[in-house]
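The values are calculated or read from the model by the stated rules, or taken from the named source; none is laboratory data. Quick caveat: nothing in here was measured; it's all calculated off a predicted structure. Don't worry about glycine lacking a Cβ; one is built from the backbone with ideal geometry, like all the others, and counts go over all protein chains shown.
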Amino acid sequence: MTTLWQRLKFAVATDMDALLDKKEEKNPISLLNKYIQEAEKETETAGKWLERQTSLHAKLEKELQEAQIFLEKRQAQAELAQSAGESDLSQFAEQEVAAYSSRVDELRKTLDENAAESVALEQRYEEMKHKVKDMKVRQLQLMGKENATRAHYQMDKILSPELVAERIGSFDDMASYIKSLGNKVEERHERSTMERRLEALEKNSAKSKEIV
């Protein structure tokens with residue numbers, strides 16, 4: 001029986017929590033808070049992508065430096081082999097020069113494109129951060145208005161005659177009630193006085209009869 005009761009209480013509590021969550025979701029400020037949280041996560045993710053883009057750019061620059069070094073080395077070796085009459089070595093070196101030249105050109109092109117992409121990503125990332133900041137400012141503005149509205153509402157319960165009248169009645173009603181209560185007290189007091197006088201009269205009359 002106890003277990004069943006605990007389950008019932010848990011089920012009711014869960015339903016109430018779900019109901020409160022639904023009501024909270026309809027609150028514009030609650031929706032804004034949720035949107036800001038999601039925007040912050042997306043901005044954080046975008047920042048990580050930007051960091052990765054920067055890291056990739058650095059790796060491409062390293063590859064370009066290595067390719068340029070090998071290109072210069074193979075160019076010097078090709079000249080040396082040609083001067084020495086080593087045709088097969090000269091041919092191999094020339095092939096290497098062509099391969100490294102192509103790689104250098106491709107890496108330079110890729111770096112230029114990557115640099116442009118990085119600039120665009122950086123700009124959009126900054127825009128995202130500003131957008132989130134603007135939403136947070138808006139959030140504070142709405143929270144301030146909501147707080148002021150709630151405060152005014154609570155104050156009106158005490159300061160507004162109409163709201164006070166709704167809860168405890170008008171002052172005229174209270175004055176009328178107090179007057180009516182006073183009349184009843186006076187009436188009871190007067191009745192009590194009359195009763196005491198009648199009782200005293202009865203006692204005096206009884207004593208007079210005893211004396212006679």
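Structural remarks
- Any hit, segment 137-148, residues being over 42 Å from the mean Cα position of the chain (by Cα) and among the charged types (D, E, K, R): no
- Qualifying residue in segment 70-90 (condition: at pLDDT below 95, touching a Lys or Arg at 6+ places or on another chain (Cβ under 7 Å), surrounded by 11 or more Cβ atoms within 10 Å (Cβ to Cβ) and of a type outside the set (Val, Ile, Thr)): no
- Subset of segment 105-147 [over 15 Å from residue 46 (Cα atoms) and in contact with a Phe, Trp or Tyr (Cβ under 9 Å, 6 or more places away or on another chain)]: 135
- Failed item, numbered, when residue 65 is tested on (1) over 30 Å from residue 145 (Cβ atoms); (2) polar (S, T, N, Q); (3) in contact with a Lys or Arg (Cβ under 7 Å, 6 or more places away or on another chain): (3)
- Pick from segment 1-55, criterion outside any helix (DSSP H, G or I) and exposed (fewer than 10 other Cβ atoms within 10 Å of the Cβ), ranking: modelled with the highest pLDDT: 26
- Of the residues in segment 76-99, none is in the same structural domain as residue 126 (by TED's automatic domain parsing), without any contact (Cβ under 8 Å) to a residue 24 or more places away in the chain and within 30 Å of residue 131 (Cβ to Cβ).
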